[in-house]
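Structure first, then comments.
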Amino acid sequence: MPNLSKVRLAGYGALLAAGLVAPFVAYPIFLMHALCFALFACAFNLLLGYTGLLSFGHAAFFGTAAYVTGHVVKTMAVPPGLGVLAGTAAATAVGFVFGSLVIRRQGIYFAMITLALAQLMYFFFLQTSFTGGEDGIQGIPRGHFLWMVNLADDRKLYYVVLATFLFGFVVIHRTIHSPFGQVLKAIRENEPRAVSLGYDVNKYKLLAFVISAGLSGLAGAMYAIVFTFVTLTSSDWHTSGEVVLMTLLGGLGTVFGPIVGAFAVVTLQTQLADKVGSLVTVIMGAMFIGCVLLFRRGIVGEAVGLYNRVLGRRPY
Amino acid sequence: MQSKLSILIGCGLLLANVAAGGQAKAGAGKISDGIVKVGVITDLSGLYSDLSGQGSIIAAQMAVNEFGGKVLGAPIQIVSADHQNKADIAANKARQWFDTQQVDVIVDGVNSAAGLAVSKVANEKHRIFIDSGAGSTRFTNEDCNPYTIHYAYDTYATGSVTGKAVVQHGGTTWFFITADYAFGKSLQQDTTTAINGVGGKVLGSVLAPLNAPDFSSYLLQAQGSGAKVIGLANAGGDTINSIKAASEFGINKKQTLAGLLVFITDIHALGLQVTQGMYVADGFYWDLNDATRKFGKAFMAKANKMPTMVQAAVYSSTLEYLRAVQAAGTDDADTVMRKLKEMTLNDAFVKNGKIRADGRMVHDFYLFQVKSPGESKGDWDFYKLVATVPGDQAFQPLSASRCPMIKK
């Protein structure tokens, strides 16, 4: 599909342009909130959409990074940039440990083991003292990025977050479109065949898992800096569920899907919170059902399908 | 964009004022943006929606109605949001309210993590936040700030009031069932200090994991200890499950339960058959005096249930904030805050309440015992007053506060 890349390119351009002007149109904190979850969803999509592994415990990586970043920045006076790196490294390490255990199983067992391990982390964060229990770590200083950019200014912080998001996005994009990514897709489609072709499937799965965990961690670490606090919600299983919802809603296995899904969900949660009150959760549930029943390929997946149909191409 | 929006709103209000007869003009200059906005941030859909939630919005509205909908000639408006028990959504909403919607004060703030997050935003934006829903003592200790008031209760107060007053009424030996995390442990600690202070004795304790499905083994240990009182240092679903199990085992017939964080809505949900005889510390009960009864019935007519301590405190904090605005002649946060800390607070919720330098609102606390079904004359007739504990004994003394704002 050579023409699709032109469409993709236009998409990237539009996305970048929108990202650059967005803080002048919308509320920067809201945008950063959505960007953190967009990166989280993109990282999750790498695993579910491109490798076919449904993790139900991704909040563990998001939460680990957020807590580690929050802790080192607050109590050890580490600059935020290094804090984010520390958080991401911690999440990657946890991802490696979890990944080594879980890739031995598939399907529902895989999902359940990731959920169990994530719950383990949740209770660790609840019990241990540095996380502040149910009150969370509060009042993390935003500080200066590279000793120059004062991050207390929402707009400046926004561009740092946008750049970090783009970095994560590019990493995922490169991964998907590399020979490595092709092998992941082969594993998703037919694992025994990939094995018979001589690929060490477990190594590929583990690497995909670790990359996904690390980038989820990057999202969590940024989240800690943006909001200046970390609470138990960040490692709660609801958060693991939300990232599944974002990815499915936006479009599983599409490049832009998770971004669209994350923006849709965060918009609903924050912008509708003072308009519909208690109906937020009901609306989210209804959307999830609607998505599963009516447009299973998600918003972006359906849009691409429609585009191809209009041009008379066979669906890919 | 922000200034454009406020000009637009200002113009709209000016027109409205002119239409209303023009008497509003006099004070409008002292009120920023010509409107006083009260933001109610609460949990409308989760586990706290019963004790706070919609009822808090109704309570705030009642305070506004009592003021005739206007202060210093400027209209008062209430906005509300569901934080879904997520601190990020709470903080995000608070920021947006302060930055783009001219909200002057935020009330309720149930859920400690969400409340603390809002408190940081209020401090950063120099606007007032009056928390009534959350119970963490961090609001007036490590995380205190000049723009936050902790209004209704904290776990120190509920723990120490229950501990002290129960011992003084014969419950001299205790056994704790404690939620196995920081909250439960500090609740147990504060209660134990109070018990020892008045000559009571703690015979033992057991840690139960958060959201434990089955409390029978912990209750059997409590039964075996022979203690007169079983202290429940837990909250929410854990408290409800442990009370239910105690009733099933018949433990509540020989030993007395003391809930260290129980709201009247929990009693309503469990029923008197299960909860009878239990000790409960509370900062408010609708059937205390004429003023509380009047407020309770008015609230009942709107919300179809009696107000909890949290909801009554939301009413009170909104009312006292508006009184302070009126007395100060402006809605400038620093001036109003100074006024609030000078004032003596008196309304249906609080008698001679004072706001301390660390932000703690000090008021009387009560120990109640839950009536038996035979004693109760009807729905919501749940409590017998056992003791009234003066505010200065109920709350953590200022000298013990770890708040950095307090100079020692």
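The values are calculated or read from the model by the stated rules, or taken from the named source; none is laboratory data. All values derive from a computational prediction rather than experimental measurement. We place every Cβ from the backbone using ideal geometry, glycine too, and count neighbours over all the protein chains shown.
Tell me whether the stretch B:46-60 contains one or more residues that are more than 9 Å from chain A (Cβ to nearest Cβ), closer than 27 Å to residue A:26 by Cβ and touching a strand residue (DSSP E or B) at 6+ places or on another chain (Cβ under 8 Å). Before you say what the answer is, go through the steps one by one.
Here is the first cut: in the stretch B:46-60, the residues more than 9 Å from chain A (Cβ to nearest Cβ) are B:47-48, B:50-52, B:55-56, B:58-60.
Within this subset, residues satisfying the condition of being closer than 27 Å to residue A:26 by Cβ are none.
No, the stretch B:46-60 contains no residue that is more than 9 Å from chain A (Cβ to nearest Cβ), closer than 27 Å to residue A:26 by Cβ and touching a strand residue (DSSP E or B) at 6+ places or on another chain (Cβ under 8 Å).
So is residue B:69 out of contact with any Ser or Thr (no Cβ under 6 Å at 6 or more places or on another chain) and either within 23 Å of residue B:113 (Cα to Cα) or within 14 Å of another protein chain (Cβ to nearest Cβ) (or both) or not?
On the way: out of contact with any Ser or Thr (no Cβ under 6 Å at 6 or more places or on another chain): yes; either within 23 Å of residue B:113 (Cα to Cα) or within 14 Å of another protein chain (Cβ to nearest Cβ) (or both): no.
Judged against the criteria, residue B:69 is not a match.
If we keep just the residues of the stretch B:172-224 that are of a type in the set (Phe, Trp, Tyr) and within 14 Å of chain A (Cβ to nearest Cβ), which is surrounded by the most Cβ atoms within 10 Å (Cβ to Cβ)?
The initial filter retains those residues of the stretch B:172-224 that are of a type in the set (Phe, Trp, Tyr), namely B:174-176, B:181, B:183, B:215, B:218.
This time we only want the ones that are within 14 Å of chain A (Cβ to nearest Cβ), so: B:181, B:183.
Details: B:181: 20, B:183: 23.
Out of the qualifying residues, it is B:183.
Filter the stretch A:100-130 down to residues that are at the interface with chain B (Cβ under 9 Å from one of its Cβ atoms) and in contact (Cβ under 8 Å) with a residue 24 or more places away in the chain, then give me how many there are.
Residues that pass the stated criteria total 1.
Could you please give the count of residues in the stretch B:84-99 that are more than 7 Å from chain A (Cβ to nearest Cβ) and either on the phi > 0 side of the Ramachandran plot or of a type outside the set (Gly, Ala, Ser) (or both)? Lay out the reasoning, then the answer.
The initial filter retains those residues of the stretch B:84-99 that are more than 7 Å from chain A (Cβ to nearest Cβ), namely B:85, B:90, B:94, B:97-99.
Checking which are either on the phi > 0 side of the Ramachandran plot or of a type outside the set (Gly, Ala, Ser) (or both) leaves us with B:85, B:97-99.
Residues flagged as more than 7 Å from chain A (Cβ to nearest Cβ) and either on the phi > 0 side of the Ramachandran plot or of a type outside the set (Gly, Ala, Ser) (or both) within the stretch B:84-99 amount to 4.
Mind checking which residues of the stretch A:124-143 are surrounded by 17 or more Cβ atoms within 10 Å (Cβ to Cβ) and in a helix (DSSP H, G or I)?
Our first condition is that a residue be surrounded by 17 or more Cβ atoms within 10 Å (Cβ to Cβ); within the stretch A:124-143, this holds for A:125-126, A:131-140, A:142-143.
Those that are surrounded by 17 or more Cβ atoms within 10 Å (Cβ to Cβ) and in a helix (DSSP H, G or I): A:125, A:126, A:133, A:134, A:135.
Would you mind stating whether residue A:78 is surrounded by fewer than 23 Cβ atoms within 10 Å (Cβ to Cβ), β-branched (Val, Ile, Thr) and either within 14 Å of chain B (Cβ to nearest Cβ) or part of a helix (DSSP H, G or I) (or both)?
Working: surrounded by fewer than 23 Cβ atoms within 10 Å (Cβ to Cβ): yes; β-branched (Val, Ile, Thr): yes; either within 14 Å of chain B (Cβ to nearest Cβ) or part of a helix (DSSP H, G or I) (or both): no.
It is false that residue A:78 is surrounded by fewer than 23 Cβ atoms within 10 Å (Cβ to Cβ), β-branched (Val, Ile, Thr) and either within 14 Å of chain B (Cβ to nearest Cβ) or part of a helix (DSSP H, G or I) (or both).
So which of A:33, A:71 ends up being more than 14 Å from every other protein chain (Cβ to nearest Cβ), part of a helix (DSSP H, G or I) and either β-branched (Val, Ile, Thr) or surrounded by 22 or more Cβ atoms within 10 Å (Cβ to Cβ) (or both)?
Values: A:33 fails: more than 14 Å from every other protein chain (Cβ to nearest Cβ).
Unique residue meeting the criteria: A:71.
Could you tell me whether the stretch B:225-240 includes any residue that is more than 14 Å from chain A (Cβ to nearest Cβ), crowded, with 18+ Cβ neighbours inside 10 Å and assigned to a loop (DSSP other than H, G, I, E, B)? Outline the logic, then answer.
Taking the stretch B:225-240 and keeping what is more than 14 Å from chain A (Cβ to nearest Cβ), we get B:225-232, B:239-240.
Restricting the remaining residues to those that are crowded, with 18+ Cβ neighbours inside 10 Å gives B:225, B:227-232, B:239-240.
Next cut, assigned to a loop (DSSP other than H, G, I, E, B) only: B:227-228.
Yes: one or more hits.
Among (1) touching a residue at least 60 places away in the same chain (Cβ under 8 Å); (2) within 13 Å of chain A (Cβ to nearest Cβ); (3) crowded, with 24+ Cβ neighbours inside 10 Å, where does residue B:113 come up short?
Every condition holds for residue B:113 apart from (1).
Out of B:302, B:341, which single residue is more than 27 Å from residue B:190 (Cα to Cα) and either more than 18 Å from the chain's Cα centre (by Cα) or basic (Lys, Arg) (or both)?
Working: B:341 fails: more than 27 Å from residue B:190 (Cα to Cα).
Testing whether each residue is more than 27 Å from residue B:190 (Cα to Cα) and either more than 18 Å from the chain's Cα centre (by Cα) or basic (Lys, Arg) (or both) leaves just B:302.
Within the stretch B:356-370, can one find any residue that is of a type in the set (S, T, N, Q), over 23 Å from residue B:116 (Cα atoms), assigned by TED's automatic domain parsing to the domain that holds residue B:252 and in contact with a strand residue (DSSP E or B) (Cβ under 6 Å, 6 or more places away or on another chain)?
Here is the first cut: in the stretch B:356-370, the ones of a type in the set (S, T, N, Q) are B:369.
Next, from what is left, pick out any that are over 23 Å from residue B:116 (Cα atoms): B:369.
From what's left, assigned by TED's automatic domain parsing to the domain that holds residue B:252: B:369.
Checking which are in contact with a strand residue (DSSP E or B) (Cβ under 6 Å, 6 or more places away or on another chain) leaves us with B:369.
Yes; the residues of the stretch B:356-370 include at least one that is of a type in the set (S, T, N, Q), over 23 Å from residue B:116 (Cα atoms), assigned by TED's automatic domain parsing to the domain that holds residue B:252 and in contact with a strand residue (DSSP E or B) (Cβ under 6 Å, 6 or more places away or on another chain).
Output yes when any residue across the stretch B:19-35 is within 14 Å of chain A (Cβ to nearest Cβ) and modelled with pLDDT of 90 or more, and no when none is.
The initial filter retains those residues of the stretch B:19-35 that are within 14 Å of chain A (Cβ to nearest Cβ), namely none.
No, because not a single residue in the stretch B:19-35 is within 14 Å of chain A (Cβ to nearest Cβ) and modelled with pLDDT of 90 or more.
Just a yes or no: is a residue in the stretch B:310-324 at pLDDT 95 or above and over 19 Å from the mean Cα position of the chain (by Cα)? Explain how you work it out, then say what you get.
The first filter runs over the stretch B:310-324 and keeps only residues at pLDDT 95 or above, leaving B:310-324.
Those still in the list that are over 19 Å from the mean Cα position of the chain (by Cα) too: B:323-324.
Checked against the condition, which is being at pLDDT 95 or above and over 19 Å from the mean Cα position of the chain (by Cα), the stretch B:310-324 yields at least one hit.
From the residues in the stretch A:144-173 that are modelled with pLDDT of 85 or more and not in a helix (DSSP H, G or I), which one is farthest from the other protein chains (Cβ to nearest Cβ)?
Let us first name the residues in the stretch A:144-173 that are modelled with pLDDT of 85 or more, namely A:144, A:150-173.
Now restrict to residues that are not in a helix (DSSP H, G or I): A:144, A:150-153.
Values: A:144: 17, A:150: 14, A:151: 13, A:152: 9, A:153: 12 Å.
It comes out as A:144.
Does the stretch A:285-300 contain any residue that is among the small types (Gly, Ala, Ser), closer than 22 Å to residue A:177 by Cβ and in a helix (DSSP H, G or I)? Write out each step before concluding.
Taking the stretch A:285-300 first, the residues among the small types (Gly, Ala, Ser) are A:285-286, A:290, A:298.
Restricting the remaining residues to those that are closer than 22 Å to residue A:177 by Cβ gives A:298.
Retained after the next criterion (residues that are in a helix (DSSP H, G or I)): A:298.
Checked the stretch A:285-300: at least one residue is among the small types (Gly, Ala, Ser), closer than 22 Å to residue A:177 by Cβ and in a helix (DSSP H, G or I).
Residues of the stretch B:291-310 being surrounded by fewer than 21 Cβ atoms within 10 Å (Cβ to Cβ) and of a type in the set (A, V, I, L, M, F, W, C), which ones?
B:291, B:298, B:300, B:301, B:303
Tell me whether the stretch B:134-142 contains one or more residues that are surrounded by fewer than 22 Cβ atoms within 10 Å (Cβ to Cβ), at pLDDT 90 or above and on the phi > 0 side of the Ramachandran plot.
No.
Suppose the filter is under 24 Å from the mean Cα position of the chain (by Cα), of a type outside the set (Gly, Ala, Ser) and within 14 Å of another protein chain (Cβ to nearest Cβ); does residue B:120 pass it? Break it down stepwise before answering.
Values: under 24 Å from the mean Cα position of the chain (by Cα): yes; of a type outside the set (Gly, Ala, Ser): yes; within 14 Å of another protein chain (Cβ to nearest Cβ): yes.
When the stated conditions are applied, residue B:120 passes them.
For residue B:139, state whether it is within 12 Å of chain A (Cβ to nearest Cβ) and aromatic (Phe, Trp, Tyr). Before you say what the answer is, go through the steps one by one.
Working: within 12 Å of chain A (Cβ to nearest Cβ): yes; aromatic (Phe, Trp, Tyr): yes.
It is true that residue B:139 is within 12 Å of chain A (Cβ to nearest Cβ) and aromatic (Phe, Trp, Tyr).
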